[in-house]
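First comes the structure, then the notes that go with it.
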Amino acid sequence: MKPINETRISFPARSANEGFARAAAAAFVSQLDPAVDELADLRTAVSEAVTNCIVHAYPNSIGTVTLSVKLFENGRVVVRIRDRGCGIPDIKKAMEPLFTTGGEERSGLGFSVMQSFTDKVRVTSHPGKGTTVTLEKYIRMRGEVHT
């Protein structure tokens with residue numbers, strides 16, 4: 001199925017840009033007329049994915065994060081957050097609740113949060129080449145899609 005609309009933005013992996021990414025994704029998805037809770041869920045999942053890039057992908061530098069959002073007629077939203085950072089050597093381990101490589105100040109719940117606020121989470125990663133997190137969420141169609 002071909003998307004009815006899509007966007008892509010890139011920004012430096014700085015904590016100041018996490019709110020921008022969250023707001024940009026929510027603003028773009030708002031054309032589907034989501035319920036407030038659906039939009040809040042998506043914002044939270046995007047926030048966690050972008051924060052993971054900022055904290056883990058570029059531990060000793062500021063790299064680039066790319067956020068893409070695709071909207072489909074059936075209310076399906078696909079959000080991809082990609083970095084070209086250090087990658088994740090063991091995705092299964094990284095997705096376990098409470099696992100973190102971020103030290104004592106990190107809870108290790110990022111992937112769990114993403115999973116609880118979306119319908120599907122996929123992670124692909126290659127050590128030394130980066131990580132892509134794909135989030136899927138279905139928005140209840142309450143009216144016409146604004147195209």
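The residues neighbouring Gly130, those whose beta-carbon lies less than 9 Å from its own, together hold a net charge of +2 under the Lys/Arg +1, Asp/Glu -1 convention. Return the lysines within reach of Lys2: Cα separation strictly under 26 angstrom, same-chain partners fewer than 8 residues apart disregarded; answer none if there are no such residues. Here the lysines satisfying the reach criterion relative to Lys2 are Lys70, Lys120, Lys137.
Would you kindly state how much longer the chain becomes between Glu6 and Asp37 on full extension, computed as 0.36 nm times their sequence separation minus their alpha carbon distance, in nm to one decimal? The Glu6-Asp37 span can extend by a further 9.0 nm.
The figure for Ser112 is an accessible area of roughly 30 square angstrom, using a 1.4 Å probe on the protein chains alone. The heavy atoms of Arg122 offer some 90 square angstrom of accessible surface to a 1.4 angstrom probe. Give me the net charge of Ser68's neighbourhood, meaning all other residues with Cβ under 12 Å from the Cβ of Ser68; Lys, Arg count +1, Asp, Glu -1. Here the count lands on +3. Counting every pair of alpha carbons in region 9-89, the share spaced more than 17 Å apart comes to 43 percent.
If you sort Lys2, Lys70, Lys129, Lys137 by accessible surface, 1.4 Å probe, largest first, the order is Lys2, Lys129, Lys70, Lys137.
The values are calculated or read from the model by the stated rules, or taken from the named source; none is laboratory data. None of the values given here were measured: they were computed from a predicted structure. Virtual Cβ from ideal backbone geometry, glycine too; neighbours counted across all protein chains shown. The accessibility values were calculated without ligands, DNA or RNA, using every heavy atom of the protein model including side chains. Shrake-Rupley method; radii C 1.70, N 1.55, O 1.52, S 1.80 Å.
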